[in-house]
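Asks: First the structure, which I've put down as structure tokens, then a few questions once you've had a look.
The values are calculated or read from the model by the stated rules, or taken from the named source; none is laboratory data. Owing to the predicted nature of the structure, the values given are computational and were not obtained by experimental measurement. Because the Cβ atoms are built from the backbone with ideal geometry, glycine has one as well, and the counts that use them run over all protein chains shown.
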Amino acid sequence: MAEESNGKQDEVILSLISHTNVGKTALARTLLRRDVGEVADRAHVTVASEAYTLIESDGLAAKLWDTPGFGSNLAKLAKRIRSSGNPVGWIMHQVWDRFKDESLWCSQEAIRNIKEDADLVLYLVDASQSPGTIGYVDLEMEILSWIGKPVLVFLNQTGRPEPERIAREEEEWRAHLANLDIVKSVSTLDAFTRCWTQEHHILEKAADQLEGEKQKTADKLADAWTQRNLAVFDKSLDEITDLLVFSLLDTEKLKENTVVDKLKNILATNDKDSEMEKVQQNMYKRLAERTAETINRLIASHGLDGQTAKELARTSREEFTFQRNVEESLYAAVGGAVSGLVGGLSADLIAGGATFGGGAILGMILGGGTTYALAKGYNLTQTGANEVRWTEAHFENQLKFIIMLYLAVAHFGRGRGAWQDPENNPSHWEATTDELLRSNKEMLKSLWKLGGAKGNPDKLRKEVRSKVRGLLAGALSKLYPDSERLF
């Protein structure tokens, strides 16, 4: 437990520190959901300590100090301190010229903040480097040991969220810091790719190191942080639900064509001129617009700047397409069989005189376009007399798309800058999502059956929200097992 801490029992003070240019301010922006300080690829961007309110609830507050980084001349500083009988006192009484020796000045400011204000220290390390190759970490830990405040170590700059690699990196750092009593935990909290389910652990870990009222304060604030993030989760769930309900209920009327017109439409060589192509273009345009609106709302609700740059109106067909190799083969066989019948045999078709496979051709023509839509890969199916809707397979692919996109938003830290559409997501996200969809196949089928022109919007919305909440919670719990209790 901490022997000395900030005296206010209704506050928990966290000092964020690291070597210069490791990402303190970027992490502060991610945690605070707003731009603070200055972020640049150079040393000593932050030159003075500044406090920000991390979370407030019922008169309690957690404050985060963004401090100047430790400078590059720590060896010189450590040597001087070691020769002093009172290392911390020596540091506190020294006054370095900010303009003549900025590195020493920044180190002094960071040390002063920790000594005078902090209950705990959040120390960031650059996980892109092996601990054995970073000499300054040992010197900085030596200085922090003299101060004596408990330290929570977080790995930053971890790159793509790959669980096995990150676990190895954490274990390597734990082993490297194992002999230091001040280091109370080692975990990952990347400013660029952290998930919101990881954030409240900061205050949970802090509570483990505090005593009395301070500990109670940290526990209550950790719960408040969790509730705040769950409120964002619920808002996101509402947005996703609205999108999926729109998709499930969306339909398009087909023209009242003659049998001959339908046959010509099926055999059209230019898909762009076909009725079904135009119908699907209309439906994709509507879906693309709603999808883009949903993405932008998810971005904003997570405290991020920017909007999706995807030209979804043009690319959504590729985003949600479902490969139908069997149907395409069927179409080729059927199309070849009837290609000579378009002219004088229309009367025979109507009379049922030209059948293929027990009436398949006639059924395809008279069925309002259903078989044609499936065979041509249009992701449309019949929902009533002369009307089409999205297929079950298309709905499933759209659901996968939006879950994957939600995961990208949930991991995107504000410290990274304005939102950027992901070019590709980590493979274990996709594997997790695919597994969830496979295991809930019957549930998805039941949702799809509630859609169409006769679907009840209120009932559908209730069912979709409940089921999708389970899927999103399942994905996050699978990726972060200790997050299961949040849901």
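Asks: Can you give me the number of residues within segment 399-410 that are in contact (Cβ under 8 Å) with a residue 60 or more places away in the chain and closer than 13 Å to Ser236 by Cβ?
Replies: Of the residues in segment 399-410, 7 are in contact (Cβ under 8 Å) with a residue 60 or more places away in the chain and closer than 13 Å to Ser236 by Cβ.
Asks: Also, I was wondering about something else. So, Ala206, is that one under 25 Å from Glu116 (Cα atoms) and among the aliphatic types (A, V, I, L, M) or not?
Replies: yes
Asks: Before we move on, is Asn73 closer than 22 Å to Asp138 by Cα and at pLDDT 70 or above?
Replies: Taking the combined requirement at face value, the residue does not satisfy it.
Asks: With respect to Gln398, is the statement that it is of a type outside the set (Phe, Trp, Tyr) and in a loop (DSSP other than H, G, I, E, B) true?
Replies: Taking the combined requirement at face value, the residue does not satisfy it.
Asks: Do you know which of the residues in segment 115-126 that are at pLDDT 85 or above and more than 12 Å from Ser18 (Cα to Cα) is nearest to the chain's Cα centre (by Cα)?
Replies: For segment 115-126, the residue satisfying everything is Leu120.
Yes/no matrix, rows are residues, columns are (1) at pLDDT 95 or above; (2) touching a Pro at 6+ places or on another chain (Cβ under 8 Å); (3) of a type in the set (D, E, K, R); (4) on the phi > 0 side of the Ramachandran plot:
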site: Leu152; (1), (2), (3), (4): yes, no, no, no
site: Arg165; (1), (2), (3), (4): no, no, yes, no
site: Glu171; (1), (2), (3), (4): yes, no, yes, no
site: Ile182; (1), (2), (3), (4): yes, yes, no, no
site: Val186; (1), (2), (3), (4): yes, no, no, no
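Asks: Further question: Quickly run through segment 254-303 and pick out the residues that are among the small types (Gly, Ala, Ser), in contact with a helix residue (DSSP H, G or I) (Cβ under 7 Å, 6 or more places away or on another chain) and modelled with pLDDT under 85.
Replies: Ser274
Asks: Residue check: is Thr30 modelled with pLDDT under 95 and of a type in the set (Val, Ile, Thr)?
Replies: no
Asks: Take segment 447-460 and flag every residue that is assigned to a helix (DSSP H, G or I) and surrounded by fewer than 18 Cβ atoms within 10 Å (Cβ to Cβ).
Replies: Listed by number, the residues that qualify are Lys449, Pro457, Asp458, Lys459.
Asks: Give me the pairs, please: first residue somewhere in segment 123-140 and assigned by TED's automatic domain parsing to the domain that holds Ala175 and over 16 Å from Gly71 (Cβ atoms), second residue anywhere and surrounded by fewer than 17 Cβ atoms within 10 Å (Cβ to Cβ) and not acidic (Asp, Glu), beta-carbon distance under 7 Å, and either six or more positions apart or on two chains.
Replies: Ser128/Gly159
Asks: Let me ask you something else. Would it be correct to say that Gln198 is crowded, with 20+ Cβ neighbours inside 10 Å and of a type outside the set (A, V, I, L, M)?
Replies: For Gln198, the condition - crowded, with 20+ Cβ neighbours inside 10 Å and of a type outside the set (A, V, I, L, M) - is not met.
Asks: Take the residues in segment 127-162 that are part of a loop (DSSP other than H, G, I, E, B) and of a type in the set (S, T, N, Q), then tell me which one is surrounded by the most Cβ atoms within 10 Å (Cβ to Cβ).
Replies: The selected residue is Thr158.
Asks: Among the candidates Asp421, Asp434, single out the residue that is assigned by TED's automatic domain parsing to the domain that holds Leu248, acidic (Asp, Glu) and outside any helix (DSSP H, G or I).
Replies: Asp421
Asks: Checking Lys184 against (1) closer than 22 Å to Val137 by Cα; (2) out of contact with any Lys or Arg (no Cβ under 8 Å at 6 or more places or on another chain): exactly one of these is not met. Which one?
Replies: (2)
Asks: Then there is this: Is one or more of the residues making up segment 143-150 in contact with a strand residue (DSSP E or B) (Cβ under 9 Å, 6 or more places away or on another chain) and at pLDDT 95 or above?
Replies: Among the residues of segment 143-150, at least one is in contact with a strand residue (DSSP E or B) (Cβ under 9 Å, 6 or more places away or on another chain) and at pLDDT 95 or above, which makes the answer yes.
Asks: Also, I was wondering about something else. Which members of segment 106-126 meet the condition of being assigned to a helix (DSSP H, G or I) and touching a helix residue (DSSP H, G or I) at 6+ places or on another chain (Cβ under 8 Å)?
Replies: The answer is Ser107, Gln108, Ile111, Arg112, Ile114, Lys115.
Asks: Something else now. Could you check, for segment 255-264, whether at least one of its residues is touching a residue at least 40 places away in the same chain (Cβ under 8 Å), within 30 Å of Val279 (Cβ to Cβ), assigned to a loop (DSSP other than H, G, I, E, B) and hydrophobic (A, V, I, L, M, F, W, C)?
Replies: Within segment 255-264 (the criterion being touching a residue at least 40 places away in the same chain (Cβ under 8 Å), within 30 Å of Val279 (Cβ to Cβ), assigned to a loop (DSSP other than H, G, I, E, B) and hydrophobic (A, V, I, L, M, F, W, C)), the answer is no, since none of the residues qualifies.
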